[in-house]
Amino acid sequence: MIAQALPRNWPKLAAIWAVLLLAPYWMPLIGGYTALGTNVLVFGLAAMALNFLLGFTGVLSFGHAAYFGLGAYGAGLILKYVYSSTLLALAAGVALGTVAGALLGALIVRRRGVYFAMCTIAFGQVFYYIAFQWSSFTGGDDGLRPFQRAPISLGPWTVDILSNQIAFYYFVLACFAVGVAAMAFLLRSPFGRTLLAIRENERRARFLGIPIERHIWLAFTVSCCFISLAGAMNGLVNNFANPRMLDYNQSGQIVIMAVLGGMRSFWGPLVGAAVFVTLQDYLSSQTQNWQSFLGMVFVLSVLFFPRGILGIRLSMASLKSGWAQLASLLGSPRKDAA
Amino acid sequence: MNLLEVQNVSKSFGSLVAVSEVSLNVAPGELRAVIGPNGAGKTTFFNMISGFFPPSAGAIVFDGADVTQLPAYRRVEIGMGRTFQITEIFPELTVFENIRIAAEVAAGYRLRAWVGRQEASEIKSRVDEILSLAGIASKADRLVGELAHGDQRAAEIGMALALKPRLLLLDEPTAGMGDQETYEITNLIRRLHRDSKYTIVLIEHDMRVVFHLADRITVLDQGRLLAEGTPAEIAANEAVQAAYLGKAA
Amino acid sequence: MIYILNLANGLMIGAFYVLMALGLSLILNLSNVINFAHGGFLALGGYVAYTLSPFVGFWVALLLSPLIVAILGIVIERTMIRRLYGRDPLYSLLLTFGLAFILEDGARWWWGASGIPFTVPTFLSQPLSESFFFITRYRLFMVLMVVLVVGALFLFLRYTRVGVRIRAGTLDLDTVSSLGVNVRALRTFNFGLGIFLAAFSGVLASGQISLEPTMGAPLVMPSFVAIIVGGVGSLTGTLLGGLLIGVAAAITTVFWPSASEAVIYVMMAAVLLVRPRGLMGEEGMLS
């Protein structure tokens, strides 16, 4: 029973989790710091949540940061006005983002492609606008502050996640694990397979009896749920929430993390987030024009690495077989056509 | 009672009349071929039967129930399976995965987040059954997008079969195939018809296939019903010959 | 009376949105590309005009600057965007998104981050009269320019060969190409045209607001909404959409000033609920 529950690629999984679990210890060795790792996890989860919709269902939302930001605001509002409980804050952030996603998703799910993307962008801006204007409640441009993450009490122990960076890292890792496990579970299920079907060939999926719009709406809602979890954690990381967490710039960054890491791979977006967050961290300390560099990252990865970092592996394999075929065409006796 | 009754359907796109008052009755277990020169409206006709779009006029009755306005995915649920002229499969998934998706939807699992061991093995045996029926069991773990055209078509037919259809609609199943592949697909269709007793309606251009398989033939020309009858009757029909004169079959 | 004034104000604002949105719409319709960098080209238009006008004067700069920026746009289209046409729209979206960053930062690097005032010929900047103080001559001039340009655009699309091909290509690119039209050149030209409109808006805008690297960004979103409200695929719809949201924003400013931007999005939501294809969009366009 256990042996069957263990997925086939468990060595790779064990390696990934080992790296993540030990991060606070190996990161300082290469010039990193724990808080950077925490950021990578937050944006990694955000990118993976987006990729649930983008890479696995084949639907592009370019306004997804709205739900990311809503998660932060939800958490912050609880911590600031209601009750100092981290878990309640997380739950509130997730609830806010998920409900918003479900409602808006239902509105736009009949459209697809470019039009759908435009609508997601525009709706994302609605939330940015609300956060910006409703300053009495949300703090406006300055953001929602001050609030801070509350220590977690687990029975007799209290985990101080406020001042202890390492403890906070592990807390975030735990939430990350929950989110990732849930998404992996869903993707492996019959429901998850219908999403793959929609990505691969929408017409065929429809003619197999899959109600496309309904399933896309569900995927959208699931994706919003986990991105708002990431957003709530982001609020906790920074101890504030501001409108910039909601706007389309943020959305675009999350999308590029997924694309950069590899849309077709489950873990790709985490890799993309790691690269992007680290790069942004490094560049902004080095030069004032880090924005252009980030812009270049977008442009170059789209033009030259559309399959992403983890997709390069796959291209390597086809590159090899391509060489072999070329070689045999040119008369080299040693290589066989693949 | 007829399994499928198409009653006087027409379809216009703006001022363009694609199909005009065509009727068709298919008995259970029958294999009906729909033929006609290019532009006769065959695919449009098919699209109306399978629910791709509704007819401008007329009715479609399936097993006694009026399905004229029913959306495509609902028609699949009540027993219509369809393949397309350009093979519609899931290219980056394996053959097994392609058919499994169809089988899971047919079993009602499409929204399920979890399947138990018993259910999973039932699905697996169903998929294996279809794989051997379609003759592609040896290719189960290969990506469908990488297969030869004939195998892709067999996989697509397999997906339609997984839905437990009562009626199979095949749109030019041998399109773009060489002789060997045509032969194999024709055999597959014949097995499905003779052994498994499926009711089949197919559009075909290849006359060898048509005359080999069909119980009855319906001929369309320029959106209208030109003739209907047994293969022998159609072969002897002068109007049909005239319609095809000068047009490659 | 105050309503008429606000209506007039709204139409002026709307006219401006129209110009931006039409450029976006042209590019979207023919090439399926959401040009996120549109705001950046707007800013560039203003900046280039600012740089040129000491040498050639305001009026020449008004026409020359958009031309130069359009040429830049064409270069970008040919080297980068063209490669992405066959692919998923995701990629061109990400590309223009990255371009927006580069353009903004580039402007910041070249011209500095602080706002630069762009001086307009004096006779334009005076108010029309005492009582209508907010209708400066410049604003009237802007509206006049917009009307001229939009009129010229519609005439161009209606009566010239290229214009007709652009319109036909929006509906059915395959047929147009099978008729022997060079689709690639058409798309390049169309893109340049869209960028010209953006840059022209930028020159006009810089007479009103100060030149900043980020000046284009807040104008892109209402342009999107204008397109959605008016209906994707229809330029007349975009025109209507732009005017509508301008008027709606202006009228809301009277009653509830802080909600004047929100009303744009409310309109968008209403349209999506009630008539998803937009006011003049066609069923099935880009769905």
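Taking helices (runs of 4 or more DSSP H) that do not extend beyond the stretch B:194-249, which have at least 1 residues that are closer than 20 Å to B:Asp171 by Cα and among the β-branched types (Val, Ile, Thr)? Give the derivation first.
Numbers: elements: B:207-213, B:231-236, B:238-244.
Fully inside the stretch B:194-249 and qualifying: B:207-213.
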Query raised in the report: Which of the residues that make up the stretch C:203-217 are part of a helix (DSSP H, G or I) and either crowded, with 24+ Cβ neighbours inside 10 Å or without any contact (Cβ under 8 Å) to a residue 60 or more places away in the chain (or both)?
Result: C:Val203, C:Leu204, C:Ser206
Query raised in the report: Are there any pairs with C-beta distances below 6 angstrom linking a residue in the stretch C:252-280 that is at the interface with chain A (Cβ under 8 Å from one of its Cβ atoms) to a residue that is in a helix (DSSP H, G or I) and of a type in the set (S, T, N, Q), with the two at least 6 apart or on different chains, and if so which?
Result: C:Ser258/A:Gln133; C:Ala259/C:Thr252
Query - Residue pairs meeting the criteria (Cβ under 6 Å; at least 6 apart or on separate chains; first at the interface with chain A (Cβ under 8 Å from one of its Cβ atoms), in the stretch C:88-113; second in a helix (DSSP H, G or I) and of a type in the set (S, T, N, Q)) - result: C:Phe101/A:Gln291; C:Ile102/A:Ser292; C:Asp105/A:Gln291; C:Asp105/A:Ser292
Query raised in the report: Which one is nearest to the other protein chains (Cβ to nearest Cβ), of the residues in the stretch A:91-110 that are crowded, with 18+ Cβ neighbours inside 10 Å and over 15 Å from A:Gly124 (Cβ atoms)?
Result: A:Val109
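So which of C:Phe156, C:Phe200, C:Phe196, C:Phe189 ends up being in contact with a Ser or Thr (Cβ under 9 Å, 6 or more places away or on another chain) and either assigned to a helix (DSSP H, G or I) or hydroxyl-bearing (Ser, Thr, Tyr) (or both)?
Values: C:Phe156 fails: in contact with a Ser or Thr (Cβ under 9 Å, 6 or more places away or on another chain); C:Phe196 fails: in contact with a Ser or Thr (Cβ under 9 Å, 6 or more places away or on another chain); C:Phe189 fails: in contact with a Ser or Thr (Cβ under 9 Å, 6 or more places away or on another chain).
C:Phe200 is the lone residue from the list that is in contact with a Ser or Thr (Cβ under 9 Å, 6 or more places away or on another chain) and either assigned to a helix (DSSP H, G or I) or hydroxyl-bearing (Ser, Thr, Tyr) (or both).
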Query raised in the report: So which residues in the stretch A:270-314 are in contact (Cβ under 8 Å) with a residue 24 or more places away in the chain, within 24 Å of C:Trp109 (Cα to Cα) and more than 14 Å from chain C (Cβ to nearest Cβ), if there are any at all?
Result: A:Val277, A:Thr278, A:Asp281
Report task. Being out of contact with any Lys or Arg (no Cβ under 9 Å at 6 or more places or on another chain) and within 11 Å of another protein chain (Cβ to nearest Cβ) is the filter here, so list the residues in the stretch A:127-145 that pass it. Result -> A:Phe127, A:Tyr129, A:Ile130, A:Phe132, A:Gln133, A:Trp134, A:Ser135, A:Ser136, A:Gly140
Report summary line: B:Arg74 fails exactly one of (1) more than 7 Å from every other protein chain (Cβ to nearest Cβ); (2) in a loop (DSSP other than H, G, I, E, B); (3) within 30 Å of B:Ala59 (Cα to Cα), namely (2)
Report task. Report, ordered by the first and then the second residue, all pairs with beta carbons closer than 7 Å, sequence separation of six or more or different chains, a first member in the stretch C:141-168 that is under 16 Å from C:Phe189 (Cα atoms), and a second member that is not in a helix (DSSP H, G or I). Result -> C:Arg165/C:Val181
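Among the residues of the stretch A:55-72, are any more than 25 Å from A:Phe276 (Cα to Cα) and either within 14 Å of another protein chain (Cβ to nearest Cβ) or of a type outside the set (Ser, Thr, Tyr) (or both)?
Of all residues in the stretch A:55-72, those more than 25 Å from A:Phe276 (Cα to Cα) come to none.
No - not one qualifying residue is present in the stretch A:55-72.
Given B:Val105, B:Val115, which one is in a helix (DSSP H, G or I) and either more than 22 Å from B:Glu204 (Cβ to Cβ) or within 12 Å of chain A (Cβ to nearest Cβ) (or both)? Walk me through it before giving the result.
Working: B:Val115 fails: in a helix (DSSP H, G or I).
From the options B:Val105, B:Val115, the qualifying one is B:Val105.
When you go through C:Leu179, C:Leu128, C:Leu99 one by one, which is the residue that is of a type in the set (A, V, I, L, M, F, W, C) and either within 20 Å of C:Leu239 (Cβ to Cβ) or at pLDDT 85 or above (or both)? If you could, list the steps in order and put the result at the bottom.
Details: C:Leu179 fails: either within 20 Å of C:Leu239 (Cβ to Cβ) or at pLDDT 85 or above (or both); C:Leu128 fails: either within 20 Å of C:Leu239 (Cβ to Cβ) or at pLDDT 85 or above (or both).
The conditions single out C:Leu99.
What is the residue count in the stretch A:256-268 for residues that are part of a helix (DSSP H, G or I) and either at positive phi or away from chain C (no Cβ under 14 Å) (or both)? Walk me through how you get there before you give the answer.
Narrowing the stretch A:256-268 to residues part of a helix (DSSP H, G or I): A:256-261, A:268.
Now restrict to residues that are either at positive phi or away from chain C (no Cβ under 14 Å) (or both): A:268.
Looking only at that region, the number is 1.
What do you reckon, is C:Leu52 within 10 Å of chain A (Cβ to nearest Cβ), free of Cβ contacts under 8 Å to residues at least 40 places away in the same chain, over 19 Å from the mean Cα position of the chain (by Cα) and not in a loop (DSSP other than H, G, I, E, B)?
On the way: within 10 Å of chain A (Cβ to nearest Cβ): no; free of Cβ contacts under 8 Å to residues at least 40 places away in the same chain: yes; over 19 Å from the mean Cα position of the chain (by Cα): yes; not in a loop (DSSP other than H, G, I, E, B): yes.
No, not satisfied.
Just one of A:Gly124, A:Gly209 is more than 14 Å from chain B (Cβ to nearest Cβ) and small (Gly, Ala, Ser); which is it? Spell out the reasoning first.
Working: A:Gly209 fails: more than 14 Å from chain B (Cβ to nearest Cβ).
The match here is A:Gly124.
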Report task. Name, by its number, the condition in (1) within 11 Å of chain A (Cβ to nearest Cβ); (2) more than 27 Å from C:Pro117 (Cα to Cα); (3) part of a helix (DSSP H, G or I) that does not hold for C:Ser223. Result -> (2)
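Look at B:Asn38 and say whether it is farther than 21 Å from B:Ala214 by Cα and surrounded by fewer than 19 Cβ atoms within 10 Å (Cβ to Cβ). Write out each step before concluding.
Working: farther than 21 Å from B:Ala214 by Cα: no; surrounded by fewer than 19 Cβ atoms within 10 Å (Cβ to Cβ): yes.
So B:Asn38 fails the test.
For every residue, the table says whether it meets (1) at negative phi; (2) in a loop (DSSP other than H, G, I, E, B).
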site	(1), (2)
A:Leu53	yes, no
A:Gly58	no, yes
A:Gly63	yes, yes
A:Ala75	yes, no
A:Lys80	yes, no
A:Ser84	yes, yes
A:Leu88	yes, no
A:Ala91	yes, no
Query - B:Val105 vs. criteria aliphatic (A, V, I, L, M), touching a residue at least 12 places away in the same chain (Cβ under 8 Å) and surrounded by 15 or more Cβ atoms within 10 Å (Cβ to Cβ) - result: yes
Query raised in the report: Among the residues of the stretch C:29-49, which ones are at pLDDT 90 or above and either in a helix (DSSP H, G or I) or away from chain A (no Cβ under 14 Å) (or both)?
Result: C:His38, C:Gly39, C:Gly40, C:Phe41, C:Leu42, C:Ala43, C:Leu44, C:Gly45, C:Gly46, C:Tyr47, C:Val48, C:Ala49
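The values are calculated or read from the model by the stated rules, or taken from the named source; none is laboratory data. Here the structure is a predicted model, which is why all the values come from computation and not from measurement. Backbone-built Cβ (ideal geometry, glycine too); neighbour counts: all protein chains shown.
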